[in-house]
Amino acid sequence: MPIYRAAIIGRTGQGDYGHGLDVVYNGMPQVKVAAVADPDPAGRAACAARTGAAAQFADYREMLRQVKPELVSIGPRWVDAHHEMMLECCAAGVKGIYCEKPFARTLAEADAMVEACRKAGVALAVAHQNRVIPYLAHVRDLIRAGAIGRLARVRGKGKDDSRGGAQDLIVLGTHVLDMMRAVAGDPLWAFGHVRQHDRDITKADVREGAERVGPIGGNNLTGYFAFPNGVAGSFDSYVSKGSGRFMGLWLEGTEGTITLHGGFHKQAYLCKQPQWTPELGADAWERLRAPDWDKGPDGHARSEAELLNLANQRMVEGLIQCIEKGGVHPSSGADARWAMEMYFALPESQRTGERVTLPLKNRQNPWSLL
């Protein structure tokens, strides 16, 4: 097997290394970590220690020039430098990029990133890991096989914690939006209602979002999406004391319902009733499981950290397959851009007072235009 030389880009205190995008290569025999770049000396040294990086750099551009890696992790969770970092990677001859989400601050940035990778022949994966977790594929297969009849409604739920509303939608909700599209197809149009508590937002409510996501507004939002074949979709998020346990999907068909929620320890249930009401009781629900995901080869129950790393490694394995055999990654840049289309559709609809056709004509941040 060819050995791929990987480089890691992080920013301690400014998005760090995302959710395990630095340690993903540990234990992968096909990958050797050649270098890490981080402007923070202590953070850089700590990353080198836990990943075995052979070299350290303060400037990721200098790392790219000197090391010339085949694989790069764009790790920072904060999104403000993703665009710049990705364009630099494409110019440096990188073959595959694994990028943390959110993907971009604007659709214009997303367009430029996808196009740069296309022109340079770079395989790109964005960290919507549900695409490689077997639960999503299992649920999609059940729906296609008619387990709940004709799919009628897809409901997405945010984490509903203190970040509820716009912040929840961009930092976590893109996972849910991506899953909605994976099940129902490309949305045709959308309508959004964005509120600050119990009133519609105004320009005065727009603020700079945490984690440098750009301007946002509202702590209470609801979106409607029209999917192909008459499937109705919705997403909502609001500030509450929610734990995030129910973040995920509620999939209603003409003959049953499927739920899919939780983090990497997925909870999925099938109810073979066209509608579920409390009097049916818990016995109406069948727990759906993916044993090879939930448990390791020795039978032990995998921890959340183990599952995160397993998902990340599957994402990188998909990148390597794209490099060697061609094709498109199951969590591609184009997929991530679609999640951003759905995200921005809600404030764009609120701004214009109309439903908006997807893909959006406006490629800038709608919050800044209120």
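The values are calculated or read from the model by the stated rules, or taken from the named source; none is laboratory data. Remember, predicted model here, so these are calculated numbers, not experimental data. With ideal geometry, Cβ positions are generated from the backbone for all residues, glycine too; neighbour counts draw on all protein chains shown. Surface areas here come from the heavy atoms of the whole protein model, side chains and all, with no ligands, DNA or RNA. Shrake-Rupley method; radii C 1.70, N 1.55, O 1.52, S 1.80 Å.
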Query - For the range 260-313: accessible area per residue (Å², 1.4 Å) - result: 58
Query - Degrees separating the helix 134-144 axis from the principal Cα axis of the chain, which is the longest one - result: 40
Query raised in the report: Could you give the accessible area per residue of the range 111-237, probe 1.4 Å, as a whole number in Å²?
Result: 38
**Report entry** Projected-area mean, the range 158-285, by convex hull of Cα positions, square nanometres
**Finding:** 9.2
**Report entry** Amide proton proximity set for residue 248, modelled H, under 5 Å, gap of 5+
**Finding:** 157
Query raised in the report: Using a 1.4 Å probe on the protein chains only, how many percent of the accessible area of the range 76-167 belongs to carbon and sulfur?
Result: 48
Query raised in the report: Among 273-280, 156-163, how do they line up from the highest to the lowest mean number of other beta-carbon atoms within 10 Å?
Result: 156-163, 273-280
**Report entry** Long-range HN-HN contacts of residue 124 with modeled amide H, under 5 Å
**Finding:** 97, 329, 333
**Report entry** Protein accessible area in the range 25-66, 1.4 Å probe - carbon and sulfur %
**Finding:** 53
Report task. On the protein heavy atoms, probe 1.4 angstrom, tell me the percent of accessible surface of the range 266-341 carried by carbon and sulfur. Result -> 50
Report summary line: Applied in sequence order to the range 310-327, the curve 6.51 cos²θ - 1.76 cosθ + 1.60 (Karplus, θ = phi - 60°) yields integer Hz couplings, x standing for Gly and Pro, of 4, 5, 4, 5, 5, 5, 5, 4, x, 4, 4, 5, 5, 5, 7, 10, x, x
Query raised in the report: Tell me, what ³J(HN,Hα) does each residue in the range 95-109 have, in order and in whole Hz, if you take phi through Karplus 6.51 cos²θ - 1.76 cosθ + 1.60 with θ = phi - 60° and put x for Gly and Pro?
Result: 9, x, 10, 10, 10, 5, 9, x, 6, 8, 8, 9, 5, 5, 5
Query raised in the report: Using only the Cα atoms of the range 59-111, what do you get for the radius of gyration and for Dmax, in Å?
Result: 10.8, 31
Report summary line: Short to long, in 20 Å steps from zero, the percent of alpha-carbon pairs of the chain per bin is 29, 57, 14, 0
